[in-house]
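Worksheet: the structure to be examined is printed underneath.
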Amino acid sequence: MRMATEGDRRISEVVEREQSRLRNFIRRRVPDARDVEDILQDVFCELVEANRLLMPIEHITGWLYRVARNRIIDLFRKKKPESFSESAAADENGELLRLEDLLPSPEAGPEALYARGVLLEEIELALAELPKEQRAVFVEHEIEGRSFKEIAARTGVSVNTLLSRKRYAVLHLRERLQTIYEEFVKT
């Protein structure tokens, strides 16, 4: 009983000492705050489990960061790549709206037709700003509907490289089109 109390005290000290730095370490690598907290909790749970199993841990700080890195890798392996179309707005019924649904209808009159033209032009300009490789993978995957495996087979570029290029394209387009989206929502 005395050994268990001593172990609990040491774990509490480690958590107190390392929690803030470890959270910052994870936060720099994981964008979602909920995932950060989940990973942090998992790391400390694994520490408690290692203590219960009497596993010797020589360098506790290094061990914690190694476990955190492994949990971060696990998180990104589980998550599928984010699609630009998946980040679309939802209607009042919770159904996702496609790009076409967000654009004004061409039959809604001259003002709507003009707004549609402006929006499509901004999207084209934003796509043109992308590096050639990012634009190509974005267009093939999002607009033409090709899978990453198909693109990889055709181009000889690895799926991971294509995923990375697509991710950077999506991030750029979101940032670039954010002000237009905000103006569009206001009206």
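The values are calculated or read from the model by the stated rules, or taken from the named source; none is laboratory data. All figures in this text were calculated on a predicted structure; none of them were measured in a lab. Neighbour counts are summed over all protein chains in view; Cβ atoms, including those assigned to glycine, are modelled from backbone coordinates with ideal geometry.
Per-structure values
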{"quantity": "L125 over 30 Å from R10 (Cα atoms), modelled with pLDDT of 80 or more, within 26 Å of the chain's Cα centre (by Cα) and assigned to a helix (DSSP H, G or I)", "calculated": "yes"}
{"quantity": "Residue within segment 40-47 that is modelled with pLDDT under 85, out of contact with any helix residue (DSSP H, G or I) (no Cβ under 8 Å at 6 or more places or on another chain) and either under 29 Å from V159 (Cα atoms) or part of a helix (DSSP H, G or I) (or both) present", "calculated": "no"}
{"quantity": "Hits in segment 127-151 - residues which are buried (at least 19 other Cβ atoms within 10 Å of the Cβ) and free of Cβ contacts under 8 Å to residues at least 12 places away in the same chain", "calculated": "E140"}
{"quantity": "Selection count where residues are aliphatic (A, V, I, L, M) and farther than 30 Å from V118 by Cβ, scope segment 131-182", "calculated": "7"}
{"quantity": "Members of segment 1-21 that are modelled with pLDDT of 80 or more and either hydroxyl-bearing (S, T, Y) or under 12 Å from I72 (Cα atoms) (or both)", "calculated": "S12, S20"}
